[in-house]
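The values are calculated or read from the model by the stated rules, or taken from the named source; none is laboratory data. What you see is a predicted model; the values in this text were computed from it and never measured. Because the Cβ atoms are built from the backbone with ideal geometry, glycine has one as well, and the counts that use them run over all protein chains shown. Heads up: the accessible areas ignore ligands, DNA and RNA and are worked out on the full protein's heavy atoms, side chains in. Shrake-Rupley method; radii C 1.70, N 1.55, O 1.52, S 1.80 Å.
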Amino acid sequence: MKSIYTLKFTGNETEVLDKNQTYVTSPKYNQDLFFIGPHYHHAFTSLDRIIVVDADVQIKEDLKYISQYFDRMTGENCFGVVLDQHGYYTRGANVLAELKILNVEDKSLLRGLNTGVVLYNLELMRSSKVYEEQIKPENYEKIRHNLQYVVGDQEWFTMLLWAYPSLFLRLPCEYNYQQSVEANVTGHSEPCLAMPKILHVHGKIHDPPSPEGDT
């Protein structure tokens, strides 16, 4: 999966989107840590449910409230997630949709996911024939649509959302309220209007170091 869903970086690298916008990528996404999420259900065989959050989140509310969304997972739902709020995927997804390469009935899903907060229903992951088929290595490439992104298994989960939306329960945006120094990098941001219950402050870690050092 890592060879398909990330690029290899030796340091912070900058992609210039246009004369006013840049996006800085991080070599941290070369690490195995960012590709283990899809396999939690086989790693933690004694657990049925886990909540995984990024290190850069601030939890504002008792986690017992977000954990109640496990009980709302029905049918094929294996994951509880919040959509991306900064338009990271929107540009590429819109092009694919216009070319009829990507067929997503709910156009809001073209925003993709942010996996800073994820509910993993491990029991349902293990029992889902659809999901078990998708995590076979020979199937990793099939849903990629020749897109190349750089933030690990979040990319694969987003492609999976587009191919099999029924695997995902969409959580209210306040459970992954995304605040970023790159908030307007794409021009497609859709900020959460609710008060954050889990605040996800990200992007700063991707900034290249100052020539003068940190102050």
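Side notes on the structure shown:
- Close pairs from region 156-177: first touching a residue at least 40 places away in the same chain (Cβ under 8 Å), partner among the acidic types (D, E), Cβ under 6 Å, at least 6 apart: S166/E76; L167/E76
- Count of residues meeting criterion [over 18 Å from the mean Cα position of the chain (by Cα) and of a type in the set (A, V, I, L, M)] in region 59-101: 8
- Residue check for G37: open to solvent by less than 60 Å² (accessible area, probe 1.4 Å) and at pLDDT 85 or above: yes
- Lone qualifier among L63, L119 - being of a type outside the set (K, R) and open to solvent by less than 50 Å² (accessible area, probe 1.4 Å): L119
- Of all residues in region 164-191, those that are surrounded by fewer than 18 Cβ atoms within 10 Å (Cβ to Cβ) and either at pLDDT 95 or above or closer than 26 Å to D71 by Cα (or both) total 4.
- For region 52-79, the set of residues classified as farther than 20 Å from M195 by Cβ and among the small types (G, A, S) consists of A55, G75, listed by residue number.
- Long-range neighbours under 6 Å by Cβ, at least six apart or interchain, first residue more than 15 Å from P165 (Cβ to Cβ) and open to solvent by 50 Å² or more (accessible area, probe 1.4 Å) within region 89-106, second at pLDDT below 85 and not polar (S, T, N, Q): I101/H145
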